[in-house]
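To start, the structure itself, in structure tokens.
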Amino acid sequence: MSTIQAQIDEIEREMARTQKNKATNYHLGTLKAKLAKLRSELINGPGGKSAGSKDAGRGFDVTKSGDTRVGLVGFPSVGKSTLLTTLTGTRSEAAAYEFTTLTCIPGTMKYKGARIQVLDLPGIIEGAAEGKGRGRQVISTARTCNLILIVLDAAKPLTHKKIIENELFSFGIRINQSMPNVRVTRTEGGGIDYQEVIPQTKGMNAEVCRVVLKEFKISCAQIVLREDITVDQFIDVIEGNRAYIPVLYVFNKIDSLTIEELDILDQMPNYVPISSQHEWNLEELMEEIWNRCNMLRIYTKPKGQIPDYDEPVILHSEGNPTIEEFCNRIHRGLIDSFSHAWVWGRSAKHQPQRCGREHLLMDEDVVQIVKKAG
């Protein structure tokens, strides 16, 4: 392991002293590909599976429940346990010393009719991706979440923020990013067929593509770039095991800050300031969780009855949810007897609208399912 780390350090030094320009793209592409492979070896062992495989850094055995899953990640003693208790009512032992939580503690938060599973994960430390302080278990479990809340002490957020981001990155988590729109199809022959649908301005070109593929022992493939991407993003696609997860930064313990310090924090994007101990600003946090998880409420309406507004069916908007998905969420066999649906709400052109199984639903639509006759 120390030999691998030494190679990583040497490549990073070489990259730092190499000027970035068109003439060095080929060389930097080679270095980045070697670096990605070495980091995978460091985490999983020589010849081991890449970060993110089922056997790499097994997470805590917590059964998924509810409509979505949120993980609390942060350094020890930043208030994750208190936050879990405040949001869900689940008691997670909290104390003034580090490493109080030694395993994953689940709880359920109810908001807008949704049941949101919240996981309080043990405190993360530098070197977590390599296994320090149960770090691989923590990050493996974080990979299963629909949203990660990085909980930071508001008095010292920036240093811890960078360390946690690096640990998540090392374990294959790409925060607040979408999967690059790149198609890689391995072929039996024909060499490398490289195509750019969108012009590349961030370092990718046919030469860099070939040197990266060579490092991963790919000699025949069709590559189609439909987005302007970096070499690092291309390597992520080739490795094929990245988790693209939204992250929200939660700055806890704001009761210890001055107004001037709060004003400075307020300039940072993608964050919510709270005090879990005093229950300050938790409504904004819950609303942000709802928005980042892209949840929709769909209300059911039995024939001749009023809609059930107390128990909505929760769907996720990033999947462009259809009537068919709504039916499957209720019961897998329902779609087999489906005839049509009556829909009231923003997705309907008139109220109600008769719709088929491909109709796209919107938040707070009301749906009445009509089954086939007989």
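Read the figures in this text as sums done on the coordinates, not as results from a lab. Computed from a prediction, not measured in an experiment: that's the story for all the values here. Methodologically, a virtual Cβ is constructed for each residue, glycine included, from the backbone with ideal geometry; neighbour enumeration extends over all protein chains shown.
To the nearest µm²/s, what D does Stokes-Einstein give for the chain at 4 °C and 1.567 mPa s, using the Kirkwood radius over alpha carbon pairs as Rh?
55
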Exercise. For segment 261-316, restrict the atom set to alpha-carbon positions and state the Rg and Dmax in Å.
Key: 17.3, 57
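Do any trypsin sites (Lys or Arg not before Pro) in segment 267-374 lie in a DSSP loop with no more than 10 other beta carbon atoms within 10 Å, and if so, which?
Counting only loop positions with at most 10 other Cβ atoms within 10 Å, the trypsin sites (Lys or Arg not before Pro) in segment 267-374 are LYS303, ARG332, ARG346, LYS349, LYS372.
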Practice problem: For LYS202, go through the aspartates and glutamates and keep the ones whose alpha-carbon is under 12 Å away, minus same-chain ones fewer than eight residues off. | Solution: GLU227, ASP228, ASP232
Quiz prompt | Nonlocal amide H pairs with GLN222, under 5 Å, H built at 1.01 Å | solution = THR185, ARG186, THR187, ASP193
Exercise. Would you mind computing Rg(Cα) / (2.2 N^0.38 Å) for segment 295-371, counting N as its residues?
Key: 0.96
Quiz item: Under a plain spin-label model, where a point goes 7 Å from the Cα along Cα-to-Cβ, how far apart in nm are GLU279 and LYS64?
Solution: 3.2
Quiz item: How are the Cα pair distances of segment 212-354 distributed, in percent, across 5 Å bins from 0?
Solution: 2, 7, 10, 12, 10, 9, 10, 12, 12, 8, 5, 2, 0
Quiz item: What is the distance in Å between the Cα centres of segment 188-210 and segment 312-351?
Solution: 41
Quiz item: How much length is gained on full extension from GLU261 to ALA373, taking 0.36 nm per residue of separation minus their Cα-Cα distance?
Solution: 33.7 nm
Exercise. In a Gaussian network model over the chain where Cα atoms closer than 10 Å are linked, find which of THR18, THR300, THR88 has the largest mean-square fluctuation.
Key: THR18
Quiz item: By average Cβ neighbour count within 10 Å, what is the ranking of 311-321, 161-171, 66-76 from highest down?
Solution: 66-76, 161-171, 311-321
